[in-house]
Amino acid sequence: MSLRSYVLASLYDRLVRVSEEACVRAWRAELLADARGRVLEIGAGTGANLAHYGSGVTELVLAEPDPHMRRQLCARLAPARGEVVDAPAERLPVADGSVDVVVSTLVLCSVADPARALGELRRVLVPGGTLVFIEHVAAHDNPARRRWQERLEPAWKRVLGNCHLTRDTEAAIARAGFAFERLERASMQKASPVVRPTIRGIARARG
C-alpha cells in the first residue's frame, strides 16, 4: 500500500493536468473566490487549491492523511499561509463549530466512510457554515456509462487510492444535514469517461 501510495502521489498531478487545464482549475477558482474566515480543506492532496484562496481567508487548515501527498503539499505551502494536519476526513482534530468553510474537491469519492466524513464536516462547521465541493459521481443519467463504472470500480479503487466511481455524493451531502445553495452538474472535460460526471457547488449546514 505504501509503494502504491507513493506512486500515485508522484504521478497524480500529471494524471489530472489535462482536465485541470480544461475545466477543473476554473471551477476551483470560481467556487473558492468568496471563501472567508477559518477554512478547512479535507484531502488537500498536493495543493491544487492553494492558489485560489484569497485574502478573505484568515486561517487555513489543510487535512491530508497520505504522507506522500502531504510532503508535496507542505513543499507548495507558503510560510505562514496555513497549517497542514495528518488526518482523514472521518477523524478531524478540529473543535466543534470552529470552521466557517469546509472545502472538499475530488475527495469524497475516496474516503473510507462518506457518511462519517460528512458528519465530521457538519460537526466542525459553525452554525450556517458552508461546504464547497467538486466531486465526480455515478452516471445516473447514462445507464451505459453507469454499467462501465460498476464493472471497473473494483479494480479502479484498488489502483487509484480507494477512488469509487459509483457514489451518489449529492444524496450523501443532503442526508448529512446540508442544504444546497448552488448545485451544478457538468462533464469533466478531457477526463476518462467513467469520471466525467461531476457535481459542484456550495451547501450550507442546516440548523
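Going by neighbour counts of Cβ atoms within 10 Å, the residues ILE134, ILE202, ILE42 line up, fewest first, as ILE202, ILE134, ILE42. For region 2-205, the residue among SER19, THR105, GLY54 whose Cα projects farthest onto the positive side of the dipole built from Cβ charges is SER19. Summing Lys and Arg as +1 and Asp and Glu as -1 over all other residues whose Cβ lies under 12 Å from the Cβ of ALA22 gives a net charge of +2. In this entry, the chain is assigned a mean projected area of 10.5 nm², taken as a quarter of its C-alpha convex hull surface.
According to the Kirkwood relation over distinct C-alpha pairs, the hydrodynamic radius of region 135-207 is 13.0 Å. The length gained on full extension between GLU30 and LEU15, counted as 0.36 nm times the residue separation minus their Cα-Cα distance, comes to 3.2 nm. Placing a label point 7 Å from the Cα of ALA80 along the Cα-to-Cβ direction, the residues of region 34-66 whose backbone N falls under 15 Å of that point are 58-60. Note on ALA22 and PHE180: the extension gain reaches 54.3 nm, defined as 0.36 nm multiplied by sequence separation minus the Cα-Cα distance. Charge tally for ALA35 (other residues, Cβ to Cβ under 13 Å; Lys, Arg +1; Asp, Glu -1): -2.
Rule-based calculations on the coordinates, nothing more; no lab input. Bear in mind the structure is a predicted one, so any value in this text is a computation, not a measurement. Cβ atoms come from the backbone with ideal geometry, glycine included; neighbour counts cover every protein chain shown.
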